[in-house]
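Okay, so here's the structure we're looking at.
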Amino acid sequence: MNQGPRSAERAVAIFRNTWGEPDFVSRAPGRVNLIGEHTDYNQGFAMPMALPFDTSVAVAPAPRGTPTEIVSENFGGAVLAPYESDLEPGDWAIHIRGVHKLLSEAGIIVDPWRAAIATDVPVGASLSSSAALEVACTLAILHMAATRWSPVAVAQLGQRVENEIVGLPSGIMDQLISTVGVRDHAVLIDCRSLELSPRPLPAGVVVAVMDTNTRRELVDSEYADRRTACERAAAALGVESLRDATLDDLVRLGSEFDLERRRARHVIGENRRTVEAAKAMTDGNAVLLGELMTQSHNSLRDDFEVSSPALDHMVDIAHNSPGCLGARMTGGGFAGCAVALVESERAAEFSVSVTDRYGASGERTATVWICEAGSGGSVLTTTQDRRPTPDR
Ligand code: GLA
């Protein structure tokens, strides 16, 4: 993350330059998933943590008779979103329009508003910048409507925006951790019951997020493919979802289900690893947690096939760098970030080693963040609230 003013301050500054003083700022974090990948839409377990990077939206109602206008710092400069015109799925404003539409349908009166958006969440890096935008905008509109929804309801609305408006059949993990994140904790999510169980990181270790600086291109269809393969496996096994299947069940799948068997083996193993990882956190067993993360990567690479050469390379480099206890790709896959568990005392050495080794080929540079867990989305109504959080 840059060392300059944080996203909330920048959003306020853009708002001021454009229209004057905003009424409030809503903010929501991106996430890094420690373990439990491609399990959420299989009603399984995931254990993400909120990042200390937010998307912030500075807001005020639009004056009577004027339309909704949104300015964004990032996506193509400080421009007004084509709020009333047709949008393509790739347009960032589709997430905001989707929120607006679904909230209106839910009976929330959405009067025209003005917003300036800034983000510290790297976009397209598998750190859930879309979820952060959806959650921050939902919180903003609910605040304007003087309505409170539970964090789970806010997350479900964001998930529906992805599923119904953007067209990505994603699970609940990203939006849920963006609303319920707990400072200094990862959160074990039971994606069936939506029961949440925050767990502190074991003493003496930190989480390193490592950006390969590769970005996804046209792979949303791969995500949908993985999901339908899991659904086919569950149907062939006669269970509601792979959450209800065991590794022993997989022998029942005939050879025509070879692909589905591998996809299911990942999901079933990953659910077990995630529950074990949560216990390792409670027991303060950082070594086991790291091993489970590494096993998760191998399974995502070999059975689920959602890694990429750059992600595998980054994970390899992490393993060969000082203080690494385990590493894996994080998020949907194919590009973006990997995550490692690193001994705190060697974190600085680790970062230098990863950056040097990854950059050695001259092809791309790595970005490494040593992250403590941030907190879930919120509305900041006073200047005091909006002060930048101290450096973590
Ligand atoms: C994306 C989706 C999530 C989840 C992950 C993979 O981030 O949005 O719902 O499925 O991929 O774990």
For residues that are acidic (Asp, Glu) and either near the ligand (Cβ under 10 Å from one of its atoms) or surrounded by 18 or more Cβ atoms within 10 Å (Cβ to Cβ) (or both), scanning just the range 156-189, find the one that is modelled with the lowest pLDDT. Glu162
Asn74 fails exactly one of (1) at pLDDT below 90; (2) outside any loop (DSSP other than H, G, I, E, B); (3) closer than 23 Å to Gly374 by Cα, namely (2)
Would you mind finding the one in Gly290, Gly332, Gly326 that is without any contact (Cβ under 8 Å) to a residue 40 or more places away in the chain and within 22 Å of the chain's Cα centre (by Cα)? Gly326
Given the options Ala340, Ala327, Ala318, name the one that is in contact with a Phe, Trp or Tyr (Cβ under 9 Å, 6 or more places away or on another chain) and in a strand (DSSP E or B). Ala340
Index of the failed condition, Arg148 passing every other in (1) of a type in the set (Lys, Arg); (2) in contact (Cβ under 8 Å) with a residue 12 or more places away in the chain; (3) in the same structural domain as Ala62 (by TED's automatic domain parsing): (2)
Kindly check whether there is at least one residue in the range 198-220 that is touching a helix residue (DSSP H, G or I) at 6+ places or on another chain (Cβ under 7 Å), at positive phi and surrounded by fewer than 16 Cβ atoms within 10 Å (Cβ to Cβ). yes
Of Ser130, Ser126, which residue is assigned to a helix (DSSP H, G or I), within 19 Å of the chain's Cα centre (by Cα) and within 11 Å of the ligand (Cβ to nearest atom)? Ser130
Given the structure, is Ala58 in contact with a Ser or Thr (Cβ under 9 Å, 6 or more places away or on another chain) and at pLDDT below 95? no
Mind listing whichever residues of the range 1-52 are under 14 Å from the mean Cα position of the chain (by Cα), buried (at least 24 other Cβ atoms within 10 Å of the Cβ) and not in a loop (DSSP other than H, G, I, E, B)? Ala28, Pro29, Gly30, Arg31, Val32, Asn33, Ala46, Pro48, Met49, Ala50, Leu51
Might you let me know whether the range 363-372 holds any residue that is within 30 Å of Arg227 (Cβ to Cβ), within 16 Å of the ligand (Cβ to nearest atom) and not assigned by TED's automatic domain parsing to the domain that holds His185? no
Could you go through the range 342-352 and let me know if any residue there is within 16 Å of the ligand (Cβ to nearest atom), under 23 Å from the mean Cα position of the chain (by Cα), not basic (Lys, Arg) and not assigned by TED's automatic domain parsing to the domain that holds Met47. no
Going through the range 208-234 in order, the residues found to be under 18 Å from the mean Cα position of the chain (by Cα) and over 27 Å from Gln156 (Cβ atoms) are Ala208, Met210, Asp211, Thr212, Asn213, Thr214, Arg215, Glu217
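The values are calculated or read from the model by the stated rules, or taken from the named source; none is laboratory data. Nothing here was measured: the structure is a model prediction, and the numbers come from that model. A quick note on method: Cβ atoms are made from the backbone with ideal geometry, for glycine too, and the neighbour counts reach across all protein chains shown.
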